[in-house]
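Asker: Sharing a structure below in structure tokens format, with a few things to ask.
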Amino acid sequence: MRRHRPRATPQTAHLTALQRELQAHPTRGLTPSRLATILDAAEQGELTAQCELFEDMEEKDGHIMAEMGKRRRAVQGLEWQIVPPDNATKAEKDAAATLSSLLDGLDDFDDLVFDLTDAIGKGFACLEFDGWQRTDGTWLPRSAVHRPQSWFQLVRGLRQEIRLRGAAGGEPLQPFGWIVHTHRAKSGYLERSALFR
């Protein structure tokens, strides 16, 4: 079994083109024909314009932003706990207690939850670990940074896979580098399951 060592730098550090990319605003001059083109492209795995459209919708429509804010803050306010599996071994119980303690000690846990709930409207949210550090013998992420959905593409296979845009076919997300939350407002392929769709 291959073990993965946490990355010292974020996977996206070498993707400077994505980092310099300015968002297009597809709602400017949006026509029914242009909207159909954006939605069709998303169904082919090219999400950039659809993600930018969703961002515009949330930013420009006060009602959408207010309703999404209510949902996202409601999730932040929920009580949570890490529970070991049924019939857990001592090691599993200890691991659950350790993880619970680590998460409870994170200063930015509420921000992390808020960023992950961006998936409610847009179908998915990806947070990249900004490197790892060793604390008391345990590897911990330094922070998790929200990456715009427009940085990603979808690849269909046995399962749909979210990949970074870049190389042909996209770049698979590195193990131990990401937290990915998918949120389906309806059943079906991820690009069609977003609430904003």
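Asker: If each Cα of the range 97-197 is one equal point scatterer, what is log10 of I(q)/I(0) from the Debye formula at q = 0.18, 0.24 Å⁻¹?
Answerer: At q = 0.18, 0.24 Å⁻¹ the computed log10 ratios are -0.92, -1.30.
Asker: Please work out, to two decimal places, the log10 of the ratio I(q)/I(0) at q = 0.14, 0.19, 0.27, 0.28 Å⁻¹ from a Debye calculation in which every Cα of the range 138-197 carries one identical scatterer.
Answerer: Log-scaled intensity ratios, in q order: -0.48, -0.84, -1.30, -1.34.
Asker: On to the next question. Of all the accessible heavy-atom surface of the chain, with the other protein chains kept in place and a 1.4 Å probe, what percent is carbon and sulfur?
Answerer: Numbers: 6330 of 12170 Å².
Result for the chain: 52 percent of the exposed heavy-atom area is carbon or sulfur.
Asker: Could you do me a favour and compute the accessible area per residue for the chain, 1.4 Å probe, result in Å²? Please list the in-between numbers first.
Answerer: On the way: 12170 Å² over 197 residues.
Per residue, the chain has an accessible area of 62 Å².
Asker: Follow-up. Could you give me the ³J(HN,Hα) list for the range 138-152, computed from phi with Karplus coefficients 6.51, -1.76, 1.60 and θ = phi - 60°, whole Hz, x at Gly and Pro?
Answerer: 10, 6, 10, x, 5, 6, 10, 10, 5, 10, x, 4, 5, 7, 10
Asker: So, in nm, how far is label residue 108 from label residue 73 when the simple model puts each one 7 Å beyond its Cα toward the Cβ?
Answerer: Each label point is offset 7 Å from its Cα along the Cβ direction, giving 2.2 nm.
Asker: When 1/r is averaged over all different Cα pairs and the result inverted, which Kirkwood radius in Å belongs to the range 112-157?
Answerer: Values: mean 1/r = 0.0818 Å⁻¹.
Hydrodynamic radius (Kirkwood, Cα pairs) of the range 112-157 is 12.2 Å.
Asker: For the chain, just the Cα atoms, rotate onto the principal axes and tell me the three extents in Å, largest first.
Answerer: 59, 37, 32
Asker: Do any GluC sites (Glu not before Pro) in the range 69-150 lie in a DSSP loop with no more than 13 other beta carbon atoms within 10 Å, and if so, which?
Answerer: 79
Asker: Which order do the peptides 140-150, 162-172 come out in when sorted by mean C-beta neighbours inside 10 angstrom, highest first? Walk me through the intermediate numbers first.
Answerer: On the way: 140-150: 17.3, 162-172: 14.8.
So the order, starting with the most tightly packed, is 140-150, 162-172.
Asker: Now, a different point. Please compute the length gained on full extension between residue 27 and residue 184, using 0.36 nm multiplied by the number of residues separating them and subtracting their Cα-Cα distance.
Answerer: Full extension of this stretch gives 54.2 nm more.
The values are calculated or read from the model by the stated rules, or taken from the named source; none is laboratory data. These numbers come from a predicted model, not from an experiment. No Cβ is skipped: glycine too gets one built from the backbone with ideal geometry, and neighbour counts run over all protein chains shown. The accessibility values were calculated without ligands, DNA or RNA, using every heavy atom of the protein model including side chains. Shrake-Rupley method; radii C 1.70, N 1.55, O 1.52, S 1.80 Å.
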